[in-house]
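Here's the structure we're looking at; comments come further down.
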Protein chains: 2
Amino acid sequence: MAYLNDNYLKLQAGYLFPEIARRVHEYCEANPDAAKRLIRCGIGDVTEPLPAAAIAAMHKAVDELSVRETFRGYGHEQGYEFLRSKIAEFDYRKRGVEIADDEIFLSDGSKCDCGHVLDILGDQNKIAITDPVYPVYVDTNVMAGHTGEAKANGRYEGIVYLPCNAENDFVPQPPQEHVDLVYLCFPNNPTGAVASRAQLVRWIDYAHKHDAILLYDAAYEGYISDPEIPHSIFEIPGAHDCAIEFRSFSKTGGFTGVRCGFTVMPKSLLARTDDGRSLQLHPLWHRRWSTKANGVSYPVQRGAEALYSAEGQAQVRALIEHYMGNARILGDAAKRAGLGVFGGVNAPYVWVRTPDGLTSWQMFDRMLRDLNVVITPGSGFGSEGEGYIRISAFNSRANADEVARRLQTLNR
Amino acid sequence: MAYLNDNYLKLQAGYLFPEIARRVHEYCEANPDAAKRLIRCGIGDVTEPLPAAAIAAMHKAVDELSVRETFRGYGHEQGYEFLRSKIAEFDYRKRGVEIADDEIFLSDGSKCDCGHVLDILGDQNKIAITDPVYPVYVDTNVMAGHTGEAKANGRYEGIVYLPCNAENDFVPQPPQEHVDLVYLCFPNNPTGAVASRAQLVRWIDYAHKHDAILLYDAAYEGYISDPEIPHSIFEIPGAHDCAIEFRSFSKTGGFTGVRCGFTVMPKSLLARTDDGRSLQLHPLWHRRWSTKANGVSYPVQRGAEALYSAEGQAQVRALIEHYMGNARILGDAAKRAGLGVFGGVNAPYVWVRTPDGLTSWQMFDRMLRDLNVVITPGSGFGSEGEGYIRISAFNSRANADEVARRLQTLNR
């Protein structure tokens with residue numbers, strides 16, 4: 001009989017969002033009236049319509065496909081030049097960061113990229129992950145066989161965990177020990193924390209000292225309002241030879257259902273072969289895309305391109321201001337309710353300490369039952385998330401206002 | 001320094017299509033007049049506009065995304081029910097094949113799926129691949145470390161190659177030796193061969209005897225006109241516990257630039273753990289998609305759904321008839337030119353024996369130089385493809401007619 005990949009069997013069964021869905025479903029079945037007033041601030045999914053510029057561009061692209069003369073079949077596996085050049089120009093070179101067009105690789109989302117990047121990296125690498133963390137980084141490493149079994153606290157053998165908590169403002173220091181790959185995500189999901197330039201410089205110094213690679217997830221960079229906070233790891237000198245960056249149009253252009261993201265793979269980034277040679281990763285990443293993909297849907301790429309037009313940029317700014325307005329309303333309301341509040345200033349997530357020594361899931365149940373509001377239990381993101389909840393700012397203004405009102409009635 | 005995946009270094013540098021592009025470019029630079037009459041019958045990319053039903057559905061879906069009330073963010077990672085149910089009904093149940101909706105997994109293309117399926121399979125599996133073959137099956141196994149180094153003839157150590165040639169009508173018999181995974185593609189790219197029911201029964205028997213899994217690529221099933229030829233491996237009794245099928249909208253709906261395909265992963269398919277237990281692959285595949293993807297673009301899924309409407313089905317049939325009309329014209333012309341012709345009857349590829357003992361690349365150069373026609377050298381698909389060329393029927397009728405005319409002037 002053919003063999004399956006045994007590593008999948010190490011994955012813990014209770015994946016976060018299905019378990020939330022199960023509890024919400026059970027509660028709503030038993031309480032149909034309460035179900036009608038349910039407001040979801042759980043999953044980090046956008047709620048507002050696509051920017052008009054993207055809509056117009058996608059319509060135009062679809063029309064092009066309806067006519068032989070303008071029809072397009074297979075595009076470049078790494079993405080069309082029209083979009084790669086816009087990204088490199090607007091997101092990097094206009095901000096003073098040197099990135100070449102062909103260092104941009106388009107994909108159908110940064111979640112996918114975070115997993116796929118392991119394709120080109122060796123199984124020998126020692127991996128560090130923050131705690132709490134976006135579960136995809138952990139699970140894709142489990143699947144790839146880079147860990148041992150899960151322990152009772154949910155952590156996997158073989159991974160170096162970097163605790164993020166109130167003591168370090170949810171930004172970890174580099175570890176004392178050696179690791180080869182470090183996943184960093186700023187603005188952070190789930191804590192909403194951001195890393196300062198000085199903190200990122202320490203990580204780049206660590207990477208240089210240890211010949212490590214930083215896997216930098218900047219999917220939420222559009223939410224940064226503080227001008228002192230870097231949007232890209234490549235704003236830090238020396239990052240071009242020790243970092244890969246992941247970006248997404250999901251939370252800027254509202255593309256969670258449209259699907260487009262990208263990686264920045266600098267040509268100056270080297271990695272080591274088994275026999276000790278140092279080689280560029282860029283050609284491996286290029287080959288990975290040529291062999292395993294056929295590029296992002298053409299109308300989607302045109303939609304993403306339109307986000308860089310003058311109208312598109314203004315519309316993206318308006319979307320982000322809308323969600324960040326929600327974040328302020330929710331964060332202020334949680335403070336007024338006497339809760340410990342973090343994040344929510346340069347990120348669309350408000351990270352809240354549970355009151356009265358409640359566990360994350362106890363607080364989840366209380367908010368579901370008493371407020372009819374769905375949040376995400378912090379413990380679902382890692383053991384250091386225990387005692388916290390994540391409130392997502394992705395919602396209508398009316399819903400954010402209503403959640404803020406209900407928070408004042410929280411039974412303490 | 002972080003380690004790279006050394007297996008990538010085993011990949012042979014001269015990937016087929018870039019080498020074709022290089023030779024065509026060089027020739028056109030040197031011969032600008034000839035360049036103007038160049039006709040491309042190389043890469044298997046569609047040329048005709050998208051079906052009107054898909055265009056209308058994609059416009060409608062884009063409009064839905066422009067309004068808050070109908071906006072959709074993240075969809076199911078495995079695809080929307082509206083499309084999975086249409087596929088299961090029209091492509092399977094209406095043809096008498098029992099497949100459940102949730103055995104269909106949507107993706108952005110079957111090329112991607114052919115690579116991703118290795119995620120859930122063990123590295124211990126012994127793999128068999130036909131020769132000639134779609135290079136993706138081989139290269140993704142090289143990348144995953146399932147092979148040794150490439151040999152002088154381009155074959156990799158550790159893979160069992162199944163020769164397909166005129167002697168076996170380009171359909172291999174099961175091997176004498178044991179293998180765990182077998183890649184089969186019918187209608188075949190590149191040879192255009194189809195497998196009869198009796199031939200597929202022999203493969204299912206082999207799979208049962210050896211507890212092997214057939215990875216069945218049916219991306220070209222829409223081109224089958226012979227009613228005796230199976231469209232799906234699941235038409236063969238017993239296939240549900242030993243096969244995975246890959247399908248695509250690329251060559252039916254002309255979705256090469258729109259991007260949508262799917263796998264059929266039966267729940268009755270089991271594979272073996274390292275310690276000898278037999279487990280379903282379905283939950284692993286489901287978990288793979290939940291963790292590493294966020295589903296196919298919503299407008300794309302609506303476009304694919306529209307291909308199952310009455311108008312959509314008629315439009316797809318018209319597209320296929322157009323391309324198969326080209327295949328007949330090209331195949332007949334090659335025969336009239338005195339060449340040995342295979343395929344092109346139930347598949348959009350005409351597989352032609354080179355005359356005068358020419359190698360595939362010599363014939364490529366002759367056709368480029370003398371006819372200004374680009375084809376694909378058969379040797380690019382494997383050592384058994386040496387002495388053949390592949391002519392693609394994906395073209396306008398005018399171009400197919402012109403290539404047919406030029407073939408009569410072939411210098412022999």
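Here are a few things to note about the model shown:
- Among residues of the stretch B:260-284, those that are at the interface with chain A (Cβ under 7 Å from one of its Cβ atoms) and either touching a residue at least 40 places away in the same chain (Cβ under 8 Å) or in contact with an Asp or Glu (Cβ under 6 Å, 6 or more places away or on another chain) (or both), counted: 6
- The residues in the stretch B:117-153 that are part of a strand (DSSP E or B) and away from chain A (no Cβ under 11 Å) can be counted, and the count is 5.
- Extreme residue, modelled with the lowest pLDDT, among residues of the stretch A:10-48 that are exposed (fewer than 15 other Cβ atoms within 10 Å of the Cβ) and within 14 Å of chain B (Cβ to nearest Cβ): A:GLY14
- Test: A:PRO187 is away from chain B (no Cβ under 14 Å) and over 30 Å from A:ARG302 (Cα atoms): no
- For the stretch A:227-251, the set of residues classified as part of a loop (DSSP other than H, G, I, E, B), within 15 Å of the chain's Cα centre (by Cα) and either away from chain B (no Cβ under 12 Å) or surrounded by fewer than 19 Cβ atoms within 10 Å (Cβ to Cβ) (or both) consists of A:HIS231, A:SER232, listed by residue number.
- Annotation: of all residues in the stretch B:65-83 being of a type outside the set (A, V, I, L, M, F, W, C) and free of Cβ contacts under 8 Å to residues at least 60 places away in the same chain, the one that is most open to solvent (accessible area, probe 1.4 Å) is B:GLU69.
- Hey, B:GLY338 of a type in the set (Gly, Ala, Ser) and within 25 Å of B:VAL133 (Cα to Cα) or not: no
- Exactly one residue out of A:SER290, A:SER297 is facing another protein chain (nearest Cβ under 10 Å), closer than 29 Å to B:CYS260 by Cα and surrounded by fewer than 21 Cβ atoms within 10 Å (Cβ to Cβ), and it is A:SER290.
- Note on the stretch B:252-285: residues that are in contact with a Pro (Cβ under 9 Å, 6 or more places away or on another chain) and open to solvent by less than 10 Å² (accessible area, probe 1.4 Å) amount to 5.
- Residue in the stretch B:338-356 that is farthest from B:ALA88 (Cα to Cα), counting only those that are at pLDDT 95 or above and open to solvent by 20 Å² or more (accessible area, probe 1.4 Å): B:GLY338
- Among the residues of the stretch A:380-412, those that are among the small types (Gly, Ala, Ser) and touching a residue at least 60 places away in the same chain (Cβ under 8 Å) comprise A:GLY380, A:GLY382, A:SER383, A:GLY385, A:SER392, A:ALA393, A:SER396, A:ALA400, A:ALA404.
- Annotation note: Cβ proximity below 6 Å between a residue of the stretch B:197-226 that is more than 18 Å from B:LEU121 (Cβ to Cβ) and within 14 Å of another protein chain (Cβ to nearest Cβ) and a residue that is in a helix (DSSP H, G or I) and open to solvent by 10 Å² or more (accessible area, probe 1.4 Å) (sequence gap 6+ or interchain) occurs for B:ALA219/B:SER110.
- Among (1) assigned to a helix (DSSP H, G or I); (2) over 25 Å from A:ASP139 (Cα atoms) - the single one A:ASP356 does not satisfy: (1)
- Single condition B:ASN153 does not satisfy, out of (1) modelled with pLDDT of 95 or more; (2) over 18 Å from the mean Cα position of the chain (by Cα): (1)
- Only a single item in (1) over 24 Å from the mean Cα position of the chain (by Cα); (2) over 19 Å from A:GLY295 (Cα atoms) is not met by A:HIS76, and it is number (2).
- Only one of the numbered conditions (1) farther than 19 Å from B:GLY378 by Cβ; (2) open to solvent by less than 10 Å² (accessible area, probe 1.4 Å) is not met by B:PRO190, and that is (1).
The values are calculated or read from the model by the stated rules, or taken from the named source; none is laboratory data. A quick note: this is a predicted structure, and the numbers were derived from the prediction, not measured. Heads up, the Cβs are rebuilt from the backbone with ideal geometry, glycines too, and the neighbour counts pull from every protein chain shown. Each accessible area value is taken on the protein alone, full model and side chains, heavy atoms only, with ligands, DNA and RNA left out. Shrake-Rupley method; radii C 1.70, N 1.55, O 1.52, S 1.80 Å.
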